[in-house]
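This report refers to the structure that appears directly beneath it.
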Amino acid sequence: EPEVTQTPSHQVTQMGQEVILRCVPISNHLYFYWYRQILGQKVEFLVSFYNNEISEKSEIFDDQFSVERPDGSNFTLKIRSTKLEDSAMYFCASSEGGEAFFGQGTRLTVV
Amino acid sequence: AQKVTQAQTEISVVEKEDVTLDCVYETRDTTYYLFWYKQPPSGELVFLIRRNSFDEQNEISGRYSWNFQKSTSSFNFTITASQVVDSAVYFCALSVTTKTDSWGKLQFGAGTQVVVTP
């Protein structure tokens, strides 16, 4: 069964460093998303991406965040200068127009 | 504004008991989708069901069933004859996108932790 794949599963970074979280969406999907879940809290929408541009973004998705689809398969989330409060599980999801299918998540720990 | 409320923080049951998870939503849109996702201890989000606002038929899938009532803005989820493997956090979500051709932007509820003990 096709699935969304995220790498790495866990990343530890120092405050102020840049991180790139990677995702390989399901191949025939056209819509891509990033979500964030701070430990013990609900899942929050960050950004959606369609036709090589950001479709919608939340208030959380400020200037330190960016997304890119550098080739035909990968979808990345970059955090330019990480803060302690960026520590969370980050989920990538993709959709062909219906329900979103989520990856297994990347746990980001900022120290 | 769209909002999803899952008032139950945690529910503990003994195996084989039924458990019902409540979900109440708010939206001004007439067309929307509601979802349930399961998050087991391993952390991934597993899609369970999607229901659109025009389809109020209840649905049953194995031990899972869903009761959608627009009159009360509720989309409740019942696990019948619970098993230990059902222990997880369950999220209700509402699609809030303004783009009519994509339903992946979701407003999640806070989640309900279900603990099933043998």
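What follows is calculated from the coordinates using simple rules that are stated; it is not laboratory data. Predicted, not measured: the structure shown is a model, and the values here were computed from it. As a convention, Cβ positions derive from the backbone with ideal geometry for all residues, glycine included, and neighbour counts pool all protein chains shown.
Measuring from label point to label point, each 7 Å out along Cα→Cβ, what is the residue A:7 to residue B:70 span in nm?
4.6 nm
In what sequence, highest mean first, do B:20-26, B:51-57 appear when ranked by Cβ atoms within 10 angstrom?
So the peptides B:20-26, B:51-57, ranked by packing, come out B:20-26, B:51-57.
Using Cα positions and a limit of under 17 Å, work out the lysines in reach of residue B:16, with same-chain residues fewer than 8 apart set aside.
The qualifying lysines are none; the list is empty.
With θ set to phi - 60°, apply the Karplus curve 6.51 cos²θ - 1.76 cosθ + 1.60 along segment B:70-79 and write out the HN-Hα couplings as whole Hz, x wherever there is a Gly or Pro.
5, 4, 10, 6, 10, 9, 8, 10, 10, 9
Could you check the spin-label model distance between residue A:18 and residue B:84? Points 7 Å from the Cα along Cα→Cβ, value in nm.
Result for the modelled spin labels: 4.8 nm.
Which of the lysines could a cross-linker span from residue A:42 if the Cα-Cα distance has to be under 26 Å and same-chain partners fewer than 8 positions apart are dropped?
A:57, A:78, A:83, B:3, B:38, B:70, B:99, B:105
Chain A: longest stretch without exposed trypsin sites (Lys or Arg not before Pro) (DSSP loop, at most 14 other Cβ within 10 Å), sites themselves excluded?
A:1-79
In Å, what Kirkwood hydrodynamic radius results for the protein assembly as shown from the alpha-carbon pair distances?
Result for the protein assembly as shown, one decimal place: 18.2 Å.
With the radius of gyration and the Kirkwood radius both derived from the Cα set of chain A, what is their ratio Rg to Rh?
0.94
Write out the GluC sites (Glu not before Pro) in segment A:40-111 meeting two conditions: DSSP loop, and at most 16 other Cβ atoms within 10 Å of their Cβ.
Listed in order of number, the matching sites are A:59, A:96.
Based solely on C-alpha atoms, express the radius of gyration and the Dmax of segment B:1-89 in angstrom.
Gyration radius and largest Cα-Cα distance of segment B:1-89: 13.4, 39 Å.
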